[in-house]
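Everything below concerns the one structure shown next.
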Amino acid sequence: MPRIVTTSKDAIAEAASILQGGGLVGLPTETVYGLAANALDGKAVARIFEAKNRPQFNPLIVHVPDAKEAEKYVEMNESARAVAAEFWPGPLTLILPRKEGSGISELASAGLPTLAIRVPAHPAAQELLKTSGLPLAAPSANASGEPSATTPRHVADSLGDNIDLILAAGPCAVGLESTVLDLSGDMPAILRPGAITAEDLEPLLGPVSHDTGTHDKPKSPGLLLKHYAPSIPVRLKAVDVEEGEALLAFGSIKFMGVKGGGAAKDLPDNRIRNLSESGDLTEAASNLFSYIRELDNPDFAGIAVMDIPDTGLGLAINDRLKRAAAGR
Ligand code: TXA
Ligand code: MG
C-alpha cells in the first residue's frame, strides 16, 4: 500500500520534494484526485502512464497556481483571459496553443500543438503548486478503465504502490472532472462537460459549441483529438535501414546495417535518434514525440523504427507508432 498522509505543512514539503525528484504524488483537487508529476520532466510524466497502466498516451492536464503562471506555458488569448478571470481557480480546463520553448514535456500533451491547463481551487493543490514551484501534469488518479478517484482510499486501491505518496484531504467537493473548454479553434467548444456549463461561459464568450454527449458518455473524445502524423512514411519493426531513411532506434544498434552499405551507427546525426540506448521504456516514452518530430524531415525517404517490446509502457509507445505509420 502507498503511504497516505494527511495534508499538513510537513506533508506538503515532502510531496514537493518527491515531485522535484521525479516521483508521483496523489493530489487532492476540488474535482477528483490527480496523479501528479513534474510536467517539465519527461521521465516523470512517462511514469504517470506507467502507473495508470494505460495502453495509450492521452494528453494530460497541466496544473498551475494562477493565470499568471499559465501565461508561461500557453498562448492565452482574450477569451482565455476573460474566462480565467471569472472561473479560475476552479473546475475549468482550457485548451490553448503550447508556448514555444516553455519546457513542458511533449509527452504531457501527447505530441499535440495544444496544451490543457487549469488552476485548481483546492487549498492543498494550491499549496503544493506553490511549494514545489512546478507545473504539475495530473490525470485523474485511477488505473486505466476504473472510475476517477474522489477519496484518498480510492487512489490507494486503484494505483497501489505505483504512487509514491498520497496527500489526503478528504473527499472531493465537486466529485466530477473539470469542464474541458477548447479555446484554440475558431469557436469555443466544450470537449468534456463538467460543473462549469456552456450557459455559464456564453455571457463571456458568445456561442459555445457543446455537442459532447454527457460527462459519463462523451461522444468520442478520442476523435476530437487531432493526432500529429509525420509527413514521411513510417516503417515499423525495422531490422535494417533502407537507403535514404532515418532511424528511430531502441536499444543497441551495434549490428544494424544500412541497405546499400554501411552501419546504422555511422548515420549522420540528423538521421538517427535512439529512444533509449539501454532499452528503458520510461526513457523511450519521454523521448518519443520530440524524436518523431525531429526525424520528420521531407529530405528523408521515411523513418525506420526498430521493434519495441509490447509490454508495460511499450504498449502505449507502439500504439502511437502504429498511428504514425497508418495516419498519413
Ligand atoms: O478535474 C480534472 O480535470 C482532473 C483533475 C485531477 O484536475 N483531471 C483529469 O485529467 O480529469 P484526465 O487526464 O483524466 O482528463 C484530461 C482530459 C481528457 O479528456 C483529455 O482528452 C483532455 O483532457 N485533453 C487534455 N489535453 C488536451 C488537448 N491538448 N486537446 C484536447 N483535449 C485534451
Ligand atoms: Mg480520467
Write down the accessible area per residue of the chain in Å², having rolled a 1.4 Å probe over the full set of protein chains.
44
For SER144 and GLU294, FRET efficiency with R0 = 35 Å and r from the beta-carbon atoms, rounded to 0.05?
0.75
In whole Hz and in residue order, list the ³J(HN,Hα) couplings for the stretch 149-165 that follow from phi through the Karplus curve 6.51 cos²θ - 1.76 cosθ + 1.60, θ = phi - 60°; x for Gly and Pro.
8, 10, 9, x, 4, 4, 4, 4, 5, 7, 9, x, 6, 6, 10, 7, 7
In nm, to one decimal, how far is the ARG235 label point from the ASP269 one, both placed 7 Å along Cα→Cβ?
2.6
On a 0 to 90° scale, report how tilted helix 78-87 is relative to the longest principal axis of the chain, with both axes built from alpha carbons and the result rounded to the nearest 10.
50
Using a 1.4 angstrom probe and counting only protein chains, how large is the accessible area of ARG271 in Å², to 10?
50
How large is ³J(HN,Hα), in whole Hz, for each residue of the stretch 89-104 in order, when computed from phi with the Karplus curve 6.51 cos²θ - 1.76 cosθ + 1.60 and θ = phi - 60°, using x for Gly and Pro?
x, x, x, 10, 9, 10, 9, 9, x, 4, 7, 4, x, 6, x, 5
Note the full-extension length gain between ASP66 and LYS322 as 0.36 nm times their separation in residues minus their Cα-Cα distance, in nm to one decimal.
88.4 nm
Calculate what fraction, in whole %, of the accessible area of the chain sits on carbon and sulfur atoms when a 1.4 Å probe is rolled over the protein chains.
51
Would you kindly find the accessible area of ASP310, with a 1.4 Å probe and non-protein molecules such as ligands, DNA and RNA excluded, rounding to the nearest 10 Å²?
90
Which order do GLU243, GLU71, GLU146 take by accessible area at a 1.4 Å probe, largest first?
GLU243, GLU146, GLU71
For a label point 7 angstrom out from the Cα of ASP157 toward its Cβ, which stretches of the stretch 1-17 have the backbone nitrogen within less than 20 Å?
1-6
Cα atoms only, the chain: Rg and Dmax in Å?
20.6, 66
Quick one: which residues, 5 or more positions from ASN274 or on another chain, have an amide H under 5 Å from its amide H? H modelled 1.01 Å from N in the peptide plane, none for Pro or chain starts.
ALA249
Angle between the Cα long axis of helix 9-20 and the longest principal axis of the chain, 0 to 90 degrees, nearest 10?
20
Placing +1 at every Lys and Arg Cβ and -1 at every Asp and Glu Cβ, with all other atoms neutral, what dipole size does the chain have around its Cα centre, in debye to the nearest 20?
400
Accessible-area value, ARG293, 1.4 Å probe, nucleic acids and ligands omitted, Å²:
90
Whose amide H sits under 5 Å from the amide H of ALA168, counting only residues 5 or more places off or on another chain, with H placed in the peptide plane?
VAL5, THR6, THR7
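The values are calculated or read from the model by the stated rules, or taken from the named source; none is laboratory data. Source: prediction; values computed, not measured. Cβ: placed from backbone, ideal geometry, glycine included. Neighbour counts: every protein chain shown. Side chains included, ligands, DNA and RNA excluded: accessible areas come from the protein's heavy atoms. Shrake-Rupley method; radii C 1.70, N 1.55, O 1.52, S 1.80 Å.
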